[in-house]
Amino acid sequence: WETMPSGLKCRVLRAGEGDARAGIFDPVSKFKPFPFVEVIYSAYLPNGKMFAGTALDRKASFSYQVGIRQELQDEDGAVMSMKVGERRQFAVPAELVMENIGGGKIFGSRVPDVDAILVDVQLLSIRPY
């Protein structure tokens, strides 16, 4: 696990190799300013129960603009270093969830009152701004 300055922890579960069809092999951070990313995600409570995710929301994916703190403070930074196809896991302390722009939400879903959550994220695509 790598610990970010905010206390967010992340680890790579599967390295990404890029999107050959789109000719994108660089991490998100190479696309300035603030590209849009498309992800699939699952968010889990400490007991292992999934409480949010693209599968639960019956969505194929979730898109948002990185780098403008739409989601979690350091989650943006962690996603910025991902390549298309990469899958990461984030251990998110409750205080980070409550401090984010959504005020107790992650990827638009309300987070229950718990000490921490675990979020799996896979980067599907990058769309430059």
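The values are calculated or read from the model by the stated rules, or taken from the named source; none is laboratory data. Computed from a prediction, not measured in an experiment: that's the story for all the values here. Reconstructed Cβ throughout: ideal geometry from the backbone, glycine too, with neighbour counts over all protein chains shown. The area values use the complete protein model at the heavy-atom level, side chains included, leaving out ligands, DNA and RNA. Shrake-Rupley method; radii C 1.70, N 1.55, O 1.52, S 1.80 Å.
Scanning the stretch 24-80 for residues being modelled with pLDDT under 85, in a loop (DSSP other than H, G, I, E, B), farther than 18 Å from Ala94 by Cβ and charged (D, E, K, R) gives a total of 4. Selection over the stretch 1-45 of residues that are of a type in the set (Lys, Arg) and under 15 Å from the mean Cα position of the chain (by Cα) gives a count of 3. Which members of the stretch 8-23 meet the condition of being assigned to a loop (DSSP other than H, G, I, E, B) and open to solvent by 30 Å² or more (accessible area, probe 1.4 Å)? Correct list: Ala15, Glu17, Ala20, Arg21, Ala22, Gly23. The residues on offer are Val84, Val92, and the sole one that is open to solvent by less than 20 Å² (accessible area, probe 1.4 Å), within 13 Å of the chain's Cα centre (by Cα), at pLDDT below 90 and not aromatic (Phe, Trp, Tyr) is Val92.
Residue check: Tyr129 meets all listed conditions (1) closer than 28 Å to Gly23 by Cα; (2) more than 15 Å from the chain's Cα centre (by Cα); (3) at pLDDT 75 or above but one, namely (3).
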